[in-house]
Amino acid sequence: QKEVEQNSGPLSVPEGAIASLNCTYSDRVSQSFFWYRQYSGKSPELIMSIYSNGDKEDGRFTAQLNKASQYVSLLIRDSQPSDSATYLCAVNARADKIIFGKGTRLHILP
Amino acid sequence: DGGITQSPKYLFRKEGQNVTLSCEQNLNHDAMYWYRQDPGQGLRLIYYSQIVNDFQKGDIAEGYSVSREKKESFPLTVTSAQKNPTAFYLCASSIGQVYGYTFGSGTRLTVV
């Protein structure tokens with residue numbers, strides 16, 4: 001079983017709609033959860049972190065965590081063409097490193 | 001401004017040649033990491049270091065070497081033993097796992 005799983009996409013969403021990105025993880029002791037955005041040819045940028053069950057909102061972004069289901073999601077409201085990128089889910093389960101998923105490609109349709 | 005600087009941005013390597021990728025940070029982070037990313041693939045961990053003069057192998061360390069003589073610097077050498085080195089190399093640092101990683105802008109290595 002892969003440690004952090006994401007649908008590779010592409011996920012196509014009309015401009016102005018809500019984009020929903022999902023991630024599951026295998027290690028129940030995971031404590032910290034992150035979403036990174038990576039534009040083509042660029043390095044990943046941390047956009048959200050979440051540590052406890054529930055929702056965390058930051059502007060148009062909402063991260064959701066359900067530790068019982070081992071599930072993390074990222075919602076992007078009022079999607080813009082500039083949101084088109086690959087989104088990486090990352091999980092810190094052990095003391096010394098973070099595990100990354102392979103990413104979901106998001107395409108916002110103008 | 002604090003950050004991570006990777007150089008060069010583009011690097012070309014001839015067959016059988018060793019090359020060194022630079023990574024410098026002024027964030028005062030203890031931990032530093034090297035990842036490799038291939039097209040359409042996720043990040044694969046090469047080496048990491050949590051303290052000066054100590055480092056550990058990641059998932060794909062064969063054909064690579066590192067050093068950590070200073071807190072600010074974590075250079076990666078791609079040796080001739082690495083048979084498929086063409087990739088995008090990313091350096092990252094962290095003040096602690098709970099805070100996530102900060103990435104440099106990357107070095108794109110191509111074998112010619």
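The values are calculated or read from the model by the stated rules, or taken from the named source; none is laboratory data. What you see is a predicted model, and the numbers here were worked out from it, not measured in a lab. With ideal geometry, Cβ positions are generated from the backbone for all residues, glycine too; neighbour counts draw on all protein chains shown.
Considering the stretch B:8-112, the qualifying strands (runs of 3 or more DSSP E), each wholly inside and each with 2 or more residues that are under 20 Å from A:Phe100 (Cβ atoms) and away from chain A (no Cβ under 14 Å), run over B:64-66. A:Ala90 fails exactly one of the following numbered conditions: (1) assigned to a loop (DSSP other than H, G, I, E, B); (2) touching a residue at least 60 places away in the same chain (Cβ under 8 Å); (3) surrounded by 13 or more Cβ atoms within 10 Å (Cβ to Cβ). What is the number of that condition? Here A:Ala90 meets the rest and fails (1).
Residues of the stretch A:19-62 that are in contact with a helix residue (DSSP H, G or I) (Cβ under 8 Å, 6 or more places away or on another chain) and of a type in the set (Phe, Trp, Tyr): A:Tyr51 alone.
Tell me, yes or no, whether the stretch B:11-32 has at least one residue that is aromatic (Phe, Trp, Tyr) and at pLDDT 95 or above. For the stretch B:11-32, residues aromatic (Phe, Trp, Tyr) and at pLDDT 95 or above: absent.
Under the condition of being assigned to a loop (DSSP other than H, G, I, E, B) and modelled with pLDDT of 95 or more, which residue from the stretch A:11-39 is farthest from the other protein chains (Cβ to nearest Cβ)? Can you show your working first?
Initially, the stretch A:11-39 is screened for residues assigned to a loop (DSSP other than H, G, I, E, B), giving A:15-18, A:26-31, A:39.
With the extra rule that they be modelled with pLDDT of 95 or more, the set shrinks to A:15-18, A:39.
Numbers: A:Glu15: 25, A:Gly16: 28, A:Ala17: 25, A:Ile18: 24, A:Tyr39: 11 Å.
This residue is A:Gly16.
Within the stretch A:49-68, not a single residue is within 14 Å of chain B (Cβ to nearest Cβ), touching a Cys at 6+ places or on another chain (Cβ under 7 Å) and either surrounded by fewer than 18 Cβ atoms within 10 Å (Cβ to Cβ) or small (Gly, Ala, Ser) (or both). Within the stretch A:91-107, one or more residues are more than 14 Å from every other protein chain (Cβ to nearest Cβ) and of a type in the set (A, V, I, L, M, F, W, C).
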